[in-house]
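Right, I'll just put the structure down here and ask away after.
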Amino acid sequence: MSTDKRGKTETLVQGIAASQGIAYGQAFLYLQSDVEVPAYQVEPEKRMQEISRFDHAILVTRQQIQKIMSEVDKNLGPEEAQIFDAHLLVLEDQALISETIREFETSGRNIETCFNKVSQRYIKAFSEIDDEYLRERSGDIRDVAQRVLQNLLGHSSQNLSQLVEKRVVIANDISPSDAAGIDSSQALAIVTDSGSKTSHAVIVARSMKVPAVVAVRDLTKQVMPGDWVLVDGYEGLVILNPTQQTLFRYGQIQIQKKGFEQRLMEANRRPATTLDGVTITLRANIEKVDECALVKEYLADGVGLFRTEFLYLNAGHIPSEEDQFHAYKAVAESLAPSPVVIRTLDLGGDKPMAGHPHLFPKEDNPFLGYRAIRFCLDHPEIFKDQLRAILRASAHGDIRMMYPMISGRDELTRANVMLTECKEELKAKKIPFNAAVQVGAMIEIPSAAITSDVLAKDCDFFSIGTNDLIQYLLAVDRVNNRIAHLYEPTHPAVIRMLKLVVDEAHKNKIKVSVCGEMAGDSVYAPLLLGLGVDELSMTPPLIPAVKYLIRSMKLSDSQKLAEDALKLTSAKEIFTLCNEFSRMRVKLN
Ligand code: PEP
Ligand code: MG
């Protein structure tokens, strides 16, 4: 048995490699869940004490919120800090407090139970009110109630933006907004018990170049805060308490990888042209405005997917048309004359908007539920704010737009009708926009793929979202690690479906891009190009490896690869064929 220098046993735990890189540091344990409230009877002589405990928890909560407010004010500005005014108001709500005390006096149950009961009643009542402003207060009450309960129960409330020292974040799960709030200079790596390669938190980690390993079942139960951990984001390995030999070996690996990455970056300055002279368009996927810097650093041909929902998740509320306009305009201007494809709102699924139960009620099957274009068509006031913001930004650069989760022609038509209304409104007010803005449909639901001949007539381009297309085609939840082995991008059904979409697009003279994670994976990129995909869009740090491969292959060879793959009947065989294709090309150089 090997032990580290502190005498602790080295333990290897296998997960799924989700973001490349190697990191070594102390663990920061992040366990996020709704607070579990124990219920018990309080003895009569302890009742006064119970009420003081409640007073104290309210006081501490107020101090915590004021501290957050001053930090937000300092870092983001007074407007953002004002959001927390509403939280302070909840704490000052005498009705909530006196009802809790009344409940306590009549029931004799512990104060947490009483407060939880009363606050839940308030949350429900507010979420059912017909006034949008008041409905939104239910989210504030929920947040504050969780904080008060944490203080009553002595739990420390955690937040990943509180990482003040460089740490390896080990979590049961990380929501996309948690991930977006991480300070990438402090998070050495991210490891989660659950998740998959295509979960949104992982996509965010990849764009921040933070190594990540997911689906490391029950790791949070094996690690103590402060334990030393080595994370191998290439092989999906987590090594607890690594020995000196292990650290030395990884030191060597890291030097090798760094050298290879440097060579990739040098090669990245050259065009993505195949050996038979075809230049491929490689665009970037971004989630935040400040990622324009990465788009430039990795020399992407503009943005192929701007996941705008992160503007909403980071703000914690629905941003105004004006706020969105400024964000889209900033991206357009920063990257002009390169194109920027803005995807309209895709909340829901694994990107729920917490604290807005009236807009996003809890669902049993969120991936099959109220998500993306379904939500937008149901909320024209929210959707049209975004459409107008995008149109207005189109006067400031090459902005294009696309709708997520289109399932068929009717949805595309309804979205386009709303877009036309927005254009009319802007025209009437003489606000400039590009009247010929290109509008695309994401193909990520099998029904859209099967009717792509019809959809192609009503849009300017397709962008295939393989992350979702695979999950819906194979009926495999993309974030469920128990069935991760069934999530097979090379399943013959996937390959045939991609071919169908590409052929229908080309028959209708429109271009097809792939913006799912397959596009940035060197094993699959040649297959996609061989199938006829025109453009690939990926997290910027993945561009150099894909470009290197493109520069090492002939397009005609990848077409032969696709032809051969289409004749095979098993996902494993197709994967082996693709893997061999890439391995041989990269090795030859
Ligand atoms: C996809 O589904 O492939 C895609 C790009 O969209 P998202 O990952 O944001 O669902
Ligand atoms: Mg998708």
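Nothing in this text is a laboratory measurement; each read-out follows from the coordinates by a stated rule. Computed from a prediction, not measured in an experiment: that's the story for all the values here. Quick reminder, even Gly has a Cβ in these numbers, built from the backbone with ideal geometry, and neighbours come from all protein chains shown.
What is the helix-to-structure angle for 409-428, meaning the angle in degrees between its Cα long axis and the longest Cα principal axis of the chain, kept from 0 to 90 and rounded to the nearest 10?
Result, in degrees: 80.
L566 versus Q49, label points 7 Å from Cα toward the beta carbon: distance in nm?
7.7 nm
With a point put 7 Å past each Cα toward its Cβ, work out how far D85 is from S185 in nm, to one decimal.
Distance between the two pseudo-spin positions: 3.2 nm.
Taking amide H positions as placed 1.01 Å from N in the peptide plane, with prolines and chain starts having none, which residues 5 or more places from E10, or on another chain, fall under 5 Å of its amide H?
The answer is S2, T3, D4.
For the chain, find the longest principal axis of its Cα atoms and tell me its angle to the long axis of helix 132-153, 0 to 90°, nearest 10.
70 degrees
Quick one: which residues, 5+ away or cross-chain, put their amide H under 5 Å from the amide H of K511? H built at 1.01 Å from N.
Residues meeting the criterion, in which the H sits 1.01 Å from N, are F462.
Of the beta bridges DSSP finds with both residues in the chain, what % are antiparallel, to the nearest 5?
Antiparallel: roughly 35 percent of the beta bridges in the chain.
Between R263 and D323, what is 0.36 nm times their sequence separation minus the Cα-Cα distance? Round to one decimal in nm.
Additional length available on full extension: 17.6 nm.
Can you give the FRET efficiency for D276 and R496, using 1/(1 + (r/R0)^6), R0 = 25 Å, r = Cβ-Cβ distance, to the nearest 0.05?
My answer for the efficiency is 0.45.
Hey, got a sec? Which trypsin sites (Lys or Arg not before Pro) in the range 265-370 land in a DSSP loop and have at most 11 other Cβ atoms within 10 Å?
Qualifying residues, ordered by number: R269, K362.
Right, next: What are the ³J(HN,Hα) couplings of the range 463-471, residue after residue, when phi is run through the Karplus curve with 6.51, -1.76, 1.60 and θ = phi - 60°? Round to Hz, x for glycine and proline.
Rounded to whole hertz, the list is 10, 8, x, 5, 4, 7, 4, 5, 5.
Taking θ as phi - 60°, what are the ³J(HN,Hα) couplings along the range 47-59 by the Karplus curve (6.51, -1.76, 1.60), each to the nearest whole Hz, with x for Gly and Pro?
5, 5, 4, 5, 5, 5, 4, 5, 4, 5, 5, 5, 5
Treat every Asp and Glu Cβ in the chain as -1 and every Lys and Arg Cβ as +1, leave all other atoms uncharged, and give the resulting dipole magnitude about the Cα centre to the nearest 20 debye.
Around 1980 debye, computed over the chain.
In nm, to one decimal, how far is the modelled label at D290 from the one at E105, with both set 7 Å along Cα→Cβ?
So the two model labels end up 5.0 nm from each other.
Which residues in the range 339-359 place their backbone N less than 17 Å from a point set 7 Å from the Cα of H379 along the Cα-to-Cβ direction?
343-359
Another question about this same structure. Rounded to the nearest 500 deg cm²/dmol, what is the calculated helix-only ellipticity per residue at 222 nm for the chain, with -39500 (n - 2.57) per DSSP H run of length n ≥ 4?
Calculated at 222 nm, the ellipticity per residue is -15000 deg cm²/dmol.
While we're here: Determine which lysines satisfy two conditions relative to K554: a Cα distance under 28 Å, and not lying fewer than 8 residues away in the same chain.
Those lysines meeting the cut-off are K257, K258, K296, K499, K507, K509, K511, K567, K572, K587.
Rounded, prolate or oblate: which fits the range 164-291, taking a ≥ b ≥ c as square roots of the Cα gyration tensor eigenvalues, rounded meaning a/c under 1.5, else prolate when a/b beats b/c?
Oblate, because a/c is 1.5 or more while a/b does not exceed b/c.
OK, next. Against the empirical 2.2 N^0.38 Å scaling, what ratio does the C-alpha Rg of the range 261-588 come to?
0.98
Further question on the same structure: Compute the length gained on full extension between A95 and V164: take 0.36 nm times their separation in residues and subtract their Cα-Cα distance, giving the result in nm to one decimal.
21.1 nm
On C-alpha positions alone, give me the angle between the axis of helix 244-267 and the longest principal axis of the chain, in degrees, nearest 10.
Value to nearest ten degrees: 50.
Next question, about the same structure. Using Cα centres only, tell me the gap between the range 322-398 and the range 89-106 in whole Å.
So the two Cα centres are separated by 38 Å.
Using a ≥ b ≥ c from the Cα gyration tensor of the chain (square roots of the eigenvalues), is it rounded, prolate or oblate, where a/c under 1.5 gives rounded and otherwise the larger of a/b and b/c decides, a/b for prolate?
Note, shape of the chain comes out oblate.
Moving to a separate point now. Using the beta-carbon distance between L577 and A125 and R0 = 51 Å, what value does 1/(1 + (r/R0)^6) give for FRET efficiency, to the nearest 0.05?
Efficiency, rounded to the nearest 0.05: 0.30.
Check which residues have an amide H placed less than 5 Å from R400's amide H, if you skip close sequence neighbours.
V340, V341, I342
Enumerate the calculated ³J(HN,Hα) couplings along the range 362-372 in order (Karplus 6.51 cos²θ - 1.76 cosθ + 1.60, θ = phi - 60°), each rounded to whole Hz, writing x wherever the residue is Gly or Pro.
Values per residue, Gly and Pro as x: 4, 10, 6, 10, x, 5, 9, x, 7, 9, 6 Hz.
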